[in-house]
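Student: Below: one structure in structure tokens.
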Amino acid sequence: MRPHDCTELTASRFARHRAGIQRGGNARSRRAARQGVSIRFRHVAQPGGRTGRVEDERSRRQRLGAGGDEERARTIERRVRAEEPAAPSRLRGKRAGRRPAEGAVGSGPAHHPAGIDRCAHQHPPRRSPHGGKVGAGQVHFERRQLARKPVQSRHLCPSGHGGGTAGGQGNPGEEERASHHPQVVHDLRRRALLLGIGCREMRLSIATKVFLGFAAVLVMSGAVSLFGIVQMHRIGQGLSLVSSGYFPLTRIAGSLEAFQKERERSTDRLLAEADPAQRASLIALDRTYFARIADERLARAREQIQTAREGASARDRAALERIDARLQLLSARIAEEDQAASMLAQLLAREGRVAAEDLPGAQELIARLKTSERRVDHEIRTLLNVIQEQMNGGLSEAERQERTARWAIIGLSLLALGVGLLVTWLSNRALAPIARLTEAAQRLGRGAPDAVAVPEGGGDELAVLAREFNAMAQRLAARERELRAQGEALVRSERLAAIGRIAAQITHEIRNPLSSISLNAEELGERLREKPPEGGDAAAALCDAIVREVDRLAAVTEEYLRYARVPKPQVVRADLNETVRDLLDFVRPELVAAGVRLDQHLDAHLPEVAADVAQIRQLLLNLVRNAREAMPGGGALVVGTRAADGAALVEVRDTGPGIEPARLARIFDPFFTTKERGTGLGLALAQEIAQEHAGELTCASIPGQGTTFTLRLPGVPDERARSRTPVAAIAHS
Ligand SMILES: Nc1ncnc2c1ncn2[C@@H]1O[C@H](COP(=O)(O)OP(=O)(O)O)[C@@H](O)[C@H]1O
Ligand SMILES: [Mg+2]
């Protein structure tokens with residue numbers, strides 16, 4: 001199984017599926033921790049941003065203890081199988097407290113030994129194209145220590161990186177919310193909005209808007225109706241004065257006029273009458289009938305005025321006063337006429353048969369009577385004119401009022417219609433989001449959660465609904481992406497499981513033959529040198545070449561097997577400065593030979609760490625060798641240590657070509673290599689070791705400028721605190 005340029009081989013692929021498994025393993029891990037079961041985990045970098053698989057102590061001992069090739073083959077197979085999300089039973093008894101960090105490349109943020117998630121990344125995370133958290137060319141690899149209080153630590157995590165993954169656990173949405181404060185605040189606000197309680201954004205609810213619109217239309221219609229009723233009432237009042245006031249007065253005045261004519265004719269007949277008996281009856285008629293009729297009519301007229309005056313407007317009352325005055329004048333004139341008539345009648349009655357023209361003084365009385373009659377006549381006509389005038393005025397006033405009311409009602413009705421249309425338009429506008437939401441919901445139903453965002457403007461319930469809808473669509477989209485990734489991962493893992501089995505078998509098959517070939521070729525070379533036949537030197541050189549190549553193949557096989565069975569670190573209290581110094585002394589000659597200048601900066605105040613020195617040395621050797629290989633034409637290599645937040649850091653920085661971001665996300669994958677003769681296992685192994693030490697290995701690289709690998713190991717408390725710490729049992733190195 002030879003890796004080639006940029007070839008990602010078997011295990012690197014199955015290692016990517018660990019995220020989903022890891023998520024599923026959290027609850028079981030906590031349960032195992034409670035039961036006091038000693039559980040161990042192994043993590044592998046994932047472009048998908050999740051930590052690797054876990055393995056319990058027993059299986060590990062089995063793997064390490066057996067040592068046989070068959071056992072190794074089984075180990076590889078087990079590893080592959082353990083990656084399959086579809087085999088949860090294999091995940092029972094995983095290490096407590098290790099949960100994947102959402103989107104982190106490599107292992108998730110580690111739990112702090114004190115039980116508090118050390119989940120604060122030093123750099124703001126951003127997503128890599130692979131879904132991993134890659135900050136400014138950095139890939140983070142962390143390993144969590146065994147969490148003593150996994151549950152508490154989960155809740156104490158301030159940024160939520162250690163709190164599980166979105167969608168990967170039992171209730172991912174809640175966990176994510178609980179660990180993201182702004183999100184929580186946002187949710188609370190949203191809920192408050194839904195409840196309609198004191199939120200600035202909640203201006204007017206839809207129900208209020210509809211009610212206000214309805215009320216506006218109602219008020220407008222009511223105003224129109226009220227105005228109409230008032231106008232009608234006023235017109236009615238005017239007309240009733242005409243019909244029950246002026247009109248009866250006209251009739252009374254008319255009848256008075258008719259009686260007056262009759263009286264005048266009666267007077268003429270009286271004056272022309274020569275028969276004294278006839279004259280006497282005419283006089284009696286005149287004195288009784290006409291006088292009584294006139295009095296009665298005048299009284300009715302006054303009564304009528306009195307009635308009409310009640311409830312009449314001031315103007316109408318003034319008019320009625322005028323008519324009343326006219327009536328009094330008329331009454332006086334009638335009285336004058338009565339008097340003149342009475343005097344003439346007395347004279348005629350006294351003189352008996354004498355004709356009126358012949359009676360002395362009669363002419364004067366007749367003239368006086370005629371004058372009175374004309375005056376009464378004139379007065380009646382004046383009264384009629386006045387009443388007629390008032391009647392006409394009342395009617396034209398009613399007409400004018402009717403016209404005004406008509407136009408006012410038309411205008412107000414149009415205004416009410418306008419208000420109604422405006423309210424309808426506003427209601428439509430307020431309810432327009434419903435149509436958009438419906439359409440978006442249909443699109444969502446058709447399965448396109450990425451393209452269903454609806455505008456969230458406004459402060460009413462629909463805006464809240466739109467925000468909720470968008471949030472839901474986003475969660476759905478995220479879940480869908482996750483499911484898709486998991487589905488792909490499952491397919492890959494099945495394929496890789498088969499490849500892993502074959503790889504283990506091949507390793508098993510070629511390892512022993514390789515060593516035989518190497519020994520035999522060496523033997524052959526030696527014999528050729530001892531008794532060289534013709535051309536023996538060339539044959540011996542060929543044997544040497546065979547030995548070299550076979551040794552290389554054996555080394556590759558060994559590296560593969562080393563990766564397949566990283567032993568449990570035998571930790572002791574160690575000084576990383578010492579380890580680095582030893583290592584650099586060891587590699588200095590080869591660096592000098594490669595033209596690489598070496599600088600070392602060791603921090604005198606570096607905290608001690610709990611480490612398997614041999615493994616850490618192996619890790620650093622891999623980093624240094626990679627750096628050397630990245631600078632074939634020479635360059636500078638800076639190796640330094642420093643303390644940070646109680647942890648010990650080792651940095652290995654080179655001036656090589658750097659790593660493209662796309663590759664950066666994959667360099668920790670097993671079997672990922674860009675080298676002709678690389679195995680792609682150096683960094684995978686290094687990361688494995690870092691994680692086994694509860695540390696992290698990260699890489700930052702700027703293409704064209706160089707690469708920096710940083711190993712972070714948690715420091716252990718100093719001597720005085722040793723007795724109180726869990727690492728008290730660590731021996732001195
Ligand atoms: N210091 C570095 N500078 C540039 N690229 C590097 C460096 N270290 C590692 N890489 C890249 O990471 C890949 C994986 O490295 P590694 O796992 O050690 O496997 P190998 O060295 O066998 O290729 C390398 O092939 C190389 O492309
Ligand atoms: Mg390497």
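Student: Give the Rg/Rh ratio for the range 219-421, taking Rg as the radius of gyration of the Cα atoms and Rh as the Kirkwood radius, to two decimals.
Tutor: Ratio value, two decimals: 1.27.
Student: Given N residues in the range 223-293, what is Rg(Cα) / (2.2 N^0.38 Å)?
Tutor: Rg over 2.2 N^0.38 Å, computed on Cα atoms: 2.08.
Student: Send over a whole-number figure in Å² for the accessible area per residue of the range 572-732, probe 1.4 Å.
Tutor: Averaged over the residues of the range 572-732, the accessible area is 40 Å².
Student: How many percent of the accessible area of the range 511-565 is carbon or sulfur, using a 1.4 Å probe?
Tutor: Using a 1.4 Å probe with all protein chains present, the range 511-565 comes out at 57 percent carbon and sulfur.
Student: Can you tell me the accessible area per residue over the range 511-565, all protein chains present, probe 1.4 angstrom, in square angstrom?
Tutor: On a per-residue basis, 64 Å².
Student: Which of the peptides 382-393, 707-718 is most tightly packed, and how do the rest follow, going by the mean number of other Cβ atoms within 10 Å of each residue?
Tutor: 707-718, 382-393
Student: Highest mean first, how do 620-631, 578-589, 316-327 rank when packing is the count of other Cβ atoms within 10 Å averaged over residues?
Tutor: Most protected by this proxy first, the peptides run 620-631, 316-327, 578-589.
Student: Given a 1.4 angstrom probe, I'd like the percentage of the accessible area of the range 260-305 that is carbon and sulfur, rounded to a whole number.
Tutor: Carbon with sulfur: 52 percent of the solvent-accessible area.
Student: State the volume of the convex hull built on the alpha-carbon positions of the range 572-732, expressed per residue in Å³ and rounded to an integer.
Tutor: 110
Student: Just to check, using Stokes-Einstein with a Kirkwood Rh over alpha carbon pairs, what's the diffusion coefficient of the range 304-453 at 25 °C and 0.890 mPa s in µm²/s?
Tutor: 105
Student: Using 0.36 nm per residue, how much length does the chain from Tyr289 to Lys531 gain when fully extended, once their Cα-Cα distance is taken away?
Tutor: Taking 0.36 nm per residue and subtracting the Cα distance, the gain is 68.4 nm.
Student: Could you list the square roots of 5 times each eigenvalue of the Cα gyration tensor of the range 511-565, that is, the equivalent ellipsoid semi-axes, sorted largest first and rounded to whole Å?
Tutor: 28, 9, 6
Student: Given the peptides 696-706, 634-644, arrange them by the average over their residues of other C-beta atoms within 10 Å, most packed first.
Tutor: 696-706, 634-644
The values are calculated or read from the model by the stated rules, or taken from the named source; none is laboratory data. Values in this document were obtained by computation on a predicted structure and should not be read as measured data. We place every Cβ from the backbone using ideal geometry, glycine too, and count neighbours over all the protein chains shown. Side chains included, ligands, DNA and RNA excluded: accessible areas come from the protein's heavy atoms. Shrake-Rupley method; radii C 1.70, N 1.55, O 1.52, S 1.80 Å.
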